[in-house]
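Heads up: the structure comes next, in structure tokens.
The values are calculated or read from the model by the stated rules, or taken from the named source; none is laboratory data. Quick caveat: nothing in here was measured; it's all calculated off a predicted structure. No Cβ is skipped: glycine too gets one built from the backbone with ideal geometry, and neighbour counts run over all protein chains shown.
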Number of protein chains: 2
Amino acid sequence: MHQTQIKTIGFIGLGAMGMGMASSLLRAGFTVSGYDIRSVARDSFAATGGDPAPSVAAVAAGADVLILMVLNSDQVEDVLFGDGAGALALRPDTPIILCSTVKPAYTISLAQRLAALDLHLLDAPVSGGTARAAEGKLSMMLSGPEPLRTRLLPVLAALTENLYVMGNAPGQGSTMKLVNQILAGIHIAAAAEAMAFGAKSGLDPEKVYEVICNSAGGSWMFQNRVPHILQDDYTPHSAIEIWVKDLDIILQAGKEARFPLPLSATAHQLYMMAAASGFGHLDDAAVVKVYEKLADFQVVPTNSDS
Amino acid sequence: MHQTQIKTIGFIGLGAMGMGMASSLLRAGFTVSGYDIRSVARDSFAATGGDPAPSVAAVAAGADVLILMVLNSDQVEDVLFGDGAGALALRPDTPIILCSTVKPAYTISLAQRLAALDLHLLDAPVSGGTARAAEGKLSMMLSGPEPLRTRLLPVLAALTENLYVMGNAPGQGSTMKLVNQILAGIHIAAAAEAMAFGAKSGLDPEKVYEVICNSAGGSWMFQNRVPHILQDDYTPHSAIEIWVKDLDIILQAGKEARFPLPLSATAHQLYMMAAASGFGHLDDAAVVKVYEKLADFQVVPTNSDS
């Protein structure tokens, strides 16, 4: 353990998740230098006590460790090797913690390219949503060499409540995240299908929710997301577009491995139907609106219609 | 309440679920006269203290209430109006508790036909599996006229831990059961898809199980069924064939209502693939074998192969 070695953390990607994570690191006593392409995010970050930097390179130059919480692998490429040129600005032997959800094959190739620059990649996707990010209570699905994991433990501990070590090789953490997303993505869409069928068939949606939460049909996502449907509140805690993206990553990984994923593919199409309907930026529970739109009804009639 | 009126319960269908339910009624002090088309089931029933009868009509003739726990609506028809002629043998004003999973439209039509014979139908499908059936701790999704529900409460209480009243009309209980089966059927297949993808991608299946049970991807079915995969034990607690049947009922109900159920349809096809592969009588967690067979691998390698 070399806790004293890590003082300044560079953080790239100050979105809803990243901002919460960066604030957890500040609370734990680290100096956090952060960058986001959006100036409004940099201003918010300054307001929470962080040090906003003018560029990726400026963040990288002073970082003892670099954390990436950007949207996808294209943005990782931009940050490290493209416009950001972050990889060249980092000191040799610096660890990079990649928290974005990306294809395992990408993580493996990235680790190899970074190793050639004497940089070390920790494959560290997270789960838990924005509230838990801000509380430092995420779940992290981690893989990478044991010495690197030990060295970064104080940083990881500040971000997480559950730290699952999947193995020593990059890609294993990302694979575990995809397994979780297969289930979570299917379960949200299944919750929508079941609630819509029940309501269309005349059942009281509140009663259906109560029964399912106590029955064999229950899931974490059903319990968490169906209240959004019942309250007709689609404020995006996690948006439809996240599933358009994550299930696409899953299906690409499946395609490359020649591994069939029929339920994931069907769920992906349901989120695509939601996005086609203009619901992409709504909360992911709005996948129920696909069923409502097709069958011209509402699971919970709004006041103006009832 | 007219508890004293119900002394003798007629019970048709002494399969794994029915036998457990009948034994719970015996334990609660009722006289239970039972019939199953298989003589071996009647012999087992006698061994548990029940009164096996030689025919449906013999059961019906002496019953204060008749409980049906047969496989499907065809068997209900046989028992009540076909070979069994049970409806004609029942005394007027006798209640019939239908616990089988059937189409809501069937339940509604059955209630009307029975009413013409001065017989009363309670729509009462159950959930929870054979162990809970034997413990008298099933969940029941109930609908029917309030006076009938009250009259039968002592019987229902002997069978259930959770009694969910969905409404006063036949069909509502059956619809609630279908909503639960939509979710449960999809979740088992999703658990198989996710576990298979994770294992094929190199993750330790035991570790995947641990992570998912503590993550947003969790479900009641994942937690309950994946241990069967990990232990390579497909003793049929609930068989693949149940899902071939139940998801077909769901898709038929959807078809008649012109309501799309794409995830249910995909899950149904996965159970059909399992049945086509000869796995129909295995535990429903064996849907994972579809992925194993197609991709020629095992989630948990058996000793002979490892």
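Here are the numbers for the structure shown:
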| quantity | calculated |
| --- | --- |
| Residue list for the stretch B:286-306, filter: modelled with pLDDT of 95 or more and either farther than 19 Å from A:Pro260 by Cα or more than 13 Å from chain A (Cβ to nearest Cβ) (or both) | B:Ala286, B:Lys289, B:Gln298, B:Val300 |
| Lone unmet requirement of (1) within 21 Å of B:Thr31 (Cα to Cα); (2) crowded, with 17+ Cβ neighbours inside 10 Å for B:Lys137 | (2) |
| Which listed residue, of A:Asp93, A:Asp51, is farther than 25 Å from A:Gln172 by Cα and surrounded by fewer than 21 Cβ atoms within 10 Å (Cβ to Cβ) | A:Asp51 |
| Some residue of the stretch A:116-139 being modelled with pLDDT of 95 or more, of a type in the set (Gly, Ala, Ser) and over 19 Å from the mean Cα position of the chain (by Cα) | yes |
| Residue satisfying all of: in the stretch A:254-292; among the acidic types (Asp, Glu) and in a helix (DSSP H, G or I); nearest to A:Lys200 (Cα to Cα) among these | A:Glu292 |
| Residue within the stretch A:215-222 that is touching an Asp or Glu at 6+ places or on another chain (Cβ under 6 Å) and at the interface with chain B (Cβ under 8 Å from one of its Cβ atoms) present | no |
| Hits in the stretch B:140-181 - residues which are in contact (Cβ under 8 Å) with a residue 60 or more places away in the chain and in contact with a Ser or Thr (Cβ under 9 Å, 6 or more places away or on another chain) | B:Ala158, B:Leu159, B:Ala169, B:Pro170, B:Gly171, B:Gln172, B:Gly173, B:Ser174, B:Thr175, B:Lys177, B:Leu178, B:Gln181 |
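For (1) at the interface with chain A (Cβ under 7 Å from one of its Cβ atoms); (2) over 24 Å from A:Ala257 (Cβ atoms); (3) touching a Pro at 6+ places or on another chain (Cβ under 7 Å), each residue gets a yes or a no:
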site: B:Ala199; (1), (2), (3): no, no, yes
site: B:Tyr209; (1), (2), (3): no, no, no
site: B:Val226; (1), (2), (3): no, no, no
site: B:Asp233; (1), (2), (3): no, yes, no
